[in-house]
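Note sheet for the following structure.
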Amino acid sequence: MKERCGIFLALAALLFVTGCGKAVYIENQQFILAHAMDLNDEKKLVIYVASSVFSSEATKRYKVTTATVDTIRESRKKLGSKINGSLAPGKLQSILIGKKMLQQTNVLPYLDVLFRDPKNDINANMIVVDGSVKEVMYTNMSDKGELGGVIKQLVESTYKSRITVQTTLQKFHQQMMDSGMTPCITEMKVEKNDLVISGTALLHKDGTYATSLNYQESSLLFLLQHNLKKRISLTFHLPSEIFQTDEKMSYVSFDIKKAKLNFKAKFEGDRLAIEIPMKVQIDLTERLFTLDMEKQSKALEYAIEQELKKECETLIKKVQKHQVDPFHFGIYMRAYNYKNWKGIQSNWGTTLSKATVKVSPKVTIKSIGVSE
């Protein structure tokens, strides 16, 4: 009986509960899904936003609006004057930054409002645009869908394939603030009116553009970061004389299914010496030349070892040239060699650029496929 009285009183109370405010209609909201920025020739900030359109009378599913301003916060006033309805930035999925801007300045101060305003989503993906930001934002999406959604899905799918990184706004802030690493961001461009992920952009510690990595280099970046949550696919062109095959057919592809890396660092005089021994297990996925695997599997493992060593060390030298550390070697130095780290952390990029780095892989083929 007491339970019934309680339920009755609760229902009666609900009859007198009123709404907390004015109703908000989705048709009157402009949800910003993609936010882009670049500098014009006068070094003014050019902002583009792609917002969803829910009106039943509209012919397009999204709208691109632009404004030329000094700060992102200032842009909200100008953008708001051009958009029907209220701006709603809390659903932001992608932040695009022109390479031209990164070549001139550190973008982090411009992003201050995104970190400071709690309404913003700091899980939005960061993307560097190789070319015109305007061209990306006005790419024809009639056969693909809403621009913000297409960009988000493209970044996520290529990250799963391990041909580029996925750096959120929050992760970018961490990479900028941590002295043991430098930022790496997804890079995008337009090819024949299609949005294409072209690799990974690397930034200096001051937030300016350093260099770019292609697909193969981006995959090796995951290996050297010891980021092996998903398989890493690689294709190598082996010297044709090893297996007496045609130059055009001397290709082998494989997936790295498991790897164990060690990081050993010591100073030899004033120069840092780093050794990275690794044990790598692979599944063979493609081989364009004839080979007796029963007799020559060890020879193939050794050939892959040598090519993996060469490509890893070539990538490391490329990065050293620009005095950046997307591999997070500084994190290992801080964790295992803190005594030396204290003296070099403020100048880690220069120290790493002069270091001798040796990669020593040991490859084991665990699978060659279902037929041979």
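The values are calculated or read from the model by the stated rules, or taken from the named source; none is laboratory data. Note that this is a predicted model, so its numbers are computed, not measured. No Cβ is skipped: glycine too gets one built from the backbone with ideal geometry, and neighbour counts run over all protein chains shown.
The residue that is nearest to Ile32 (Cα to Cα), among those in region 121-164 that are touching a helix residue (DSSP H, G or I) at 6+ places or on another chain (Cβ under 7 Å) and without any contact (Cβ under 8 Å) to a residue 60 or more places away in the chain, is Asp121. If the condition is being surrounded by 18 or more Cβ atoms within 10 Å (Cβ to Cβ) and at pLDDT 65 or above, then region 77-98 contributes Leu79, Leu92, Gln93, Ser94, Ile95, Leu96, Ile97, Gly98. Of all the criteria given as (1) under 26 Å from the mean Cα position of the chain (by Cα); (2) within 21 Å of Thr182 (Cβ to Cβ), the one not satisfied by Pro361 is (2). Filtered by the rule that a residue be part of a loop (DSSP other than H, G, I, E, B) and either buried (at least 18 other Cβ atoms within 10 Å of the Cβ) or among the hydroxyl-bearing types (Ser, Thr, Tyr) (or both), region 232-244 gives Leu238, Ser240, Phe243.
Of all residues in region 140-167 being out of contact with any strand residue (DSSP E or B) (no Cβ under 6 Å at 6 or more places or on another chain) and of a type in the set (Val, Ile, Thr), which is farthest from Ala210 (Cα to Cα)? If we take residues in region 140-167 being out of contact with any strand residue (DSSP E or B) (no Cβ under 6 Å at 6 or more places or on another chain) and of a type in the set (Val, Ile, Thr), then Val150 is farthest from Ala210 (Cα to Cα).
Give the residues of region 324-370 that are closer than 30 Å to Glu294 by Cβ and of a type outside the set (S, T, N, Q), sorted by residue number. Outline the logic, then answer.
Pass one, region 324-370, residues closer than 30 Å to Glu294 by Cβ: 359-370.
Answer for region 324-370, where residues must be closer than 30 Å to Glu294 by Cβ and of a type outside the set (S, T, N, Q): Val359, Pro361, Lys362, Val363, Ile365, Lys366, Ile368, Gly369, Val370.
Conditions (1) outside the structural domain of Val107 (by TED's automatic domain parsing); (2) modelled with pLDDT under 95, marked per residue:
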site	(1), (2)
Lys189	no, no
Tyr209	no, no
Ser219	yes, no
Lys229	yes, yes
Asp270	yes, yes
Gln281	yes, no
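Examine region 165-181 for a residue that is assigned by TED's automatic domain parsing to the domain that holds Leu114, of a type in the set (Lys, Arg) and under 15 Å from Val49 (Cα atoms), and state whether such a residue exists. Full working, then the answer.
Initial filter on region 165-181 (assigned by TED's automatic domain parsing to the domain that holds Leu114): 165-181.
Still in the running and of a type in the set (Lys, Arg): 171.
Imposing the further condition that a residue be under 15 Å from Val49 (Cα atoms) reduces the set to none.
For region 165-181, residues assigned by TED's automatic domain parsing to the domain that holds Leu114, of a type in the set (Lys, Arg) and under 15 Å from Val49 (Cα atoms): absent.
Selection over region 312-327 of residues that are surrounded by fewer than 20 Cβ atoms within 10 Å (Cβ to Cβ) and closer than 13 Å to Leu202 by Cβ gives a count of 5. Against the test of being over 18 Å from Val64 (Cα atoms), aromatic (Phe, Trp, Tyr) and in the same structural domain as Ile47 (by TED's automatic domain parsing), the options Tyr138, Tyr159 yield a single qualifying residue, Tyr159.
Considering region 276-318, and only residues there that are in a loop (DSSP other than H, G, I, E, B) and of a type outside the set (A, V, I, L, M, F, W, C), the residue that is farthest from Phe236 (Cα to Cα) turns out to be Asp292. Of the candidates Phe289, Phe327, the single residue that is within 22 Å of Glu217 (Cβ to Cβ) and aromatic (Phe, Trp, Tyr) is Phe327. The single condition among (1) under 20 Å from Gly349 (Cβ atoms); (2) in contact (Cβ under 8 Å) with a residue 60 or more places away in the chain; (3) not acidic (Asp, Glu) that Thr285 does not satisfy is (1). Flag: Arg271 does not match the condition of being in contact (Cβ under 8 Å) with a residue 60 or more places away in the chain, within 25 Å of the chain's Cα centre (by Cα) and on the phi < 0 side of the Ramachandran plot. If you go through region 348-371 and keep only what is touching a residue at least 60 places away in the same chain (Cβ under 8 Å), within 15 Å of Phe254 (Cα to Cα) and outside any strand (DSSP E or B), you end up with Ile368, Gly369. Which residues, counting only those in region 347-362, are surrounded by 17 or more Cβ atoms within 10 Å (Cβ to Cβ) and not small (Gly, Ala, Ser)? Trp348, Thr351, Leu352, Val357, Val359, Pro361 - these are the residues of region 347-362 that are surrounded by 17 or more Cβ atoms within 10 Å (Cβ to Cβ) and not small (Gly, Ala, Ser). The set of residues from region 319-370 being modelled with pLDDT under 90 and on the phi > 0 side of the Ramachandran plot comprises just one member, Gly369.
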